[in-house]
Amino acid sequence: MTDSDPEGSSANPALHGGAAIPTVKLGTDRFAVYRRVMQRARGRFRACFEGALGRHEDIPVSALEFVIAADGHVEKTSFDSGQSPFERCMATTLKSLRFPEQSGRVTIRYPLNELPH
């Protein structure tokens with residue numbers, strides 16, 4: 001079973017400099033592993049959302065996108081520019097997560113509706 005897109009077609013090329021990094025698809029066994037890590041950080045994600053709501057800040061995205069290195073740390077996120085307190089909070093939270101080691105880099109596109117908010 002292949003659970004990644006070898007072309008990275010659903011990934012944001014700016015996130016990884018246009019390089020072809022596989023994207024793990026929602027609904028696969030591999031994605032379920034990443035979902036468990038994300039769910040363990042739900043309190044930190046919730047704090048980001050609650051802070052944005054308290055500041056009446058817009059949340060202009062429908063999904064998080066991030067690159068996980070082979071050693072399991074988050075290399076880059078779609079929030080790295082950190083233009084708003086929400087984006088900085090999300091980038092910090094994502095970069096604090098540790099995922100299982102794998103054979104190479106992978107891009108995750110994680111729907112916001114999967115996060116507690």
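The values are calculated or read from the model by the stated rules, or taken from the named source; none is laboratory data. Small disclaimer: the values here were computed from a predicted structure and weren't measured. As a convention, Cβ positions derive from the backbone with ideal geometry for all residues, glycine included, and neighbour counts pool all protein chains shown.
The residues in region 70-91 that are over 12 Å from the mean Cα position of the chain (by Cα) and touching a residue at least 24 places away in the same chain (Cβ under 8 Å) can be counted, and the count is 7.
Residue pairs whose Cβ atoms lie under 7 Å apart, sitting 6 or more positions apart in sequence or on different chains, and linking a residue in region 42-65 that is farther than 21 Å from Arg109 by Cβ to a partner that is buried (at least 16 other Cβ atoms within 10 Å of the Cβ) and among the small types (Gly, Ala, Ser), are Glu57/Ser84.
Taking the listed residues Ala63, Ala47, the one that is more than 14 Å from Glu114 (Cβ to Cβ) and either modelled with pLDDT of 85 or more or of a type in the set (Val, Ile, Thr) (or both) is Ala47, with no other qualifying.
Filtering region 75-100 to residues that are of a type outside the set (Ser, Thr, Tyr) and outside any helix (DSSP H, G or I) leaves Glu75, Lys76, Phe79, Asp80, Gly82, Gln83, Leu97, Arg98, Phe99, Pro100.
Residues that are at pLDDT below 95 and within 9 Å of the chain's Cα centre (by Cα) within region 92-117 comprise Thr107, Ile108, Arg109, Tyr110, Pro111, listed in sequence order. Mind counting the residues in region 49-74 that are in a strand (DSSP E or B) and crowded, with 18+ Cβ neighbours inside 10 Å? The total comes to 6.
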